[in-house]
């Protein structure tokens, strides 16, 4: 960890501990999400939705690697902590998968659960980008902004699938 002297020299140093805590939280969240995405892909009946979950699983693996680069850019070892929010969101997704398993609304329910996850991630990465900007961690900001944009694209893709295929009867 940076020495206290170096940390106080950075702009908005009061945000450093919060930034690190949030990084550890989102790293834990992304690791937890990998399992959830596999389960959602396996349960989805719509091929485009299965494909979206599988693609996001691959992206999530890349995002974990990117988070490791963020930790490195601020001279810290990557260390995750259990994300209670993601744990709850994934537990809710499991309940939805069980409750709607034999229901025509299963894919719509899966999208709703996945979008709740995406919105949590968008909020988390948005805060991290802000903190990195304020502390002038430029490399971290760029890496985190890349992930933030991916999360927004995933959310948009899920909305498209919902509106064109999963939420409508053809």
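What the table shows:
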read-out: Residues that are within 19 Å of residue 115 (Cα to Cα) and buried (at least 19 other Cβ atoms within 10 Å of the Cβ), drawn from the stretch 128-147; value: 147
read-out: Qualifying residue in the stretch 94-116 (condition: modelled with pLDDT of 95 or more, closer than 26 Å to residue 9 by Cα and assigned to a helix (DSSP H, G or I)); value: no
read-out: Single residue of 79, 24 found to be at pLDDT 95 or above and not in a helix (DSSP H, G or I); value: 79
read-out: From 112, 123, residue being out of contact with any strand residue (DSSP E or B) (no Cβ under 8 Å at 6 or more places or on another chain) and exposed (fewer than 15 other Cβ atoms within 10 Å of the Cβ); value: 123
read-out: Residue in the stretch 3-16 that is exposed (fewer than 14 other Cβ atoms within 10 Å of the Cβ), out of contact with any helix residue (DSSP H, G or I) (no Cβ under 6 Å at 6 or more places or on another chain), assigned to a helix (DSSP H, G or I) and touching a residue at least 40 places away in the same chain (Cβ under 8 Å) present; value: no
read-out: Selected residue [assigned to a helix (DSSP H, G or I), under 20 Å from residue 24 (Cβ atoms) and free of Cβ contacts under 8 Å to residues at least 40 places away in the same chain] from 145, 132, 140; value: 145
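The values are calculated or read from the model by the stated rules, or taken from the named source; none is laboratory data. Remember, it's a predicted structure, so these values are computed and weren't measured experimentally. Every residue, glycine as well, gets a Cβ built from its backbone with ideal geometry; the counts of neighbours run over all protein chains shown.
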